[in-house]
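Since the structure comes first, as structure tokens, the remarks are kept for the end.
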Amino acid sequence: MQISPISKIILEGREFLIKRDDLIDPYLAGNKYRKLYTLLRTPKEELRTIISYGGTQSNAMLAIAAMCEKKEWEFLYYTKPLSTFLKEQKSGNFADALHLGMQHIEIEENMYREFVSSLRLNLNTKTFIVDQGGADVSAKVGLEVLAKEIREQNPDVKSLATPSGTGTTALFLALALPEYRVYTTPSVGDVEYLKEQMQALHILPKNLIILEPKKKYHFAKPYREFYEMYKKLQEAGVEFDLLYSPSLWMVLLEQIEEKVLYIHSGGVSGNRSMLERYSKKFKDIF
Ligand SMILES: *Cc1c(COP(=O)(O)O)cnc(C)c1O
């Protein structure tokens, strides 16, 4: 595996470095590639089935589907019941994952929680469960590989940044690179919720800095300022995702002065369906 390159962009007159994990693979990229690293290194004969569950536009779902296609593993993905609109969509993460061979199973809303917590019962040795968002200590190894690449590339910065959902990526990156500051901000819930999620995995290291967004945002909703940030970044030369990256870029521009290496977390494949929603909500900017 070739190591992902580092690019430079100028944003609001400031220089930023970008670790281009988005370029690793069209589907299996960004932090989902890093989190699935251990499974990707597992010989294909060792497993037969991968099980996961969660949202139907999730980047993790698509990355797992791409991995299972390469490995010839069966992939079962459980969700709550879907709208016909989403089922019939021809493009987007869900359509692509089905195309890669994912088997989708709907679980009734009132049974869902119980179903998910019973998944681990009666598992055979050739089946592996990936929890929602890949929030698991097994992500540690893949992030140590990322840390090693960064050390070798030795960029001219003292600080890194990467956005957070579960916080798994930012946490293990900070633990693997104590000589750097690691900035992040929550995209799902608030700072307190993010800290709780991280603390379930490990004690928070001192070099991990969680920045608070100026405004409360709901995950996966279209916001005009997110689209404006996305456009600005695209004009600067790199496409980022519309769910996680805009709020981190906003807090970096507003609250941080030093030069930063931003770890691209991938997720660009999800932009097609998000841009469709943006074009419906903000007719004037398209
Ligand atoms: C999943 C994802 C994240 C969040 O990663 P965590 O490790 O859960 O914090 C950030 N950015 C993108 C593009 C993602 O797909």
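The values are calculated or read from the model by the stated rules, or taken from the named source; none is laboratory data. Being a predicted model, the structure only gives us computed values, none of them experimental. No Cβ is skipped: glycine too gets one built from the backbone with ideal geometry, and neighbour counts run over all protein chains shown. Quick note on the areas: whole protein, heavy atoms, side chains included, nothing else; ligands and nucleic acids left out. Shrake-Rupley method; radii C 1.70, N 1.55, O 1.52, S 1.80 Å.
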Those residues of region 44-103 which are touching a His at 6+ places or on another chain (Cβ under 7 Å) and open to solvent by 30 Å² or more (accessible area, probe 1.4 Å), in sequence order
98
Under the condition of being in a loop (DSSP other than H, G, I, E, B) and among the acidic types (Asp, Glu), which residue from region 179-228 is farthest from the chain's Cα centre (by Cα)?
179
Look at residue 112 and say whether it is among the aromatic types (Phe, Trp, Tyr), modelled with pLDDT of 95 or more and under 21 Å from the mean Cα position of the chain (by Cα).
no
So residue 203 ticks every box in (1) closer than 22 Å to residue 9 by Cβ; (2) open to solvent by 80 Å² or more (accessible area, probe 1.4 Å) but one. Which box is left unticked?
(1)
For the structure I just gave you, tell me whether residue 183 is among the hydroxyl-bearing types (Ser, Thr, Tyr) and in contact (Cβ under 8 Å) with a residue 24 or more places away in the chain.
yes
Return the residues of region 22-64 that are away from the ligand (no atom under 14 Å from the Cβ), part of a helix (DSSP H, G or I) and not aliphatic (A, V, I, L, M); say none if nothing qualifies.
38, 44, 45, 46
Name the residues in region 219-238 that are open to solvent by 60 Å² or more (accessible area, probe 1.4 Å), within 18 Å of residue 17 (Cβ to Cβ) and in contact with a helix residue (DSSP H, G or I) (Cβ under 9 Å, 6 or more places away or on another chain), would you?
232
By residue number, the members of region 141-178 that are more than 9 Å from the ligand (Cβ to nearest atom), touching a residue at least 24 places away in the same chain (Cβ under 8 Å) and assigned to a loop (DSSP other than H, G, I, E, B) are 155, 156, 157, 158, 177, 178
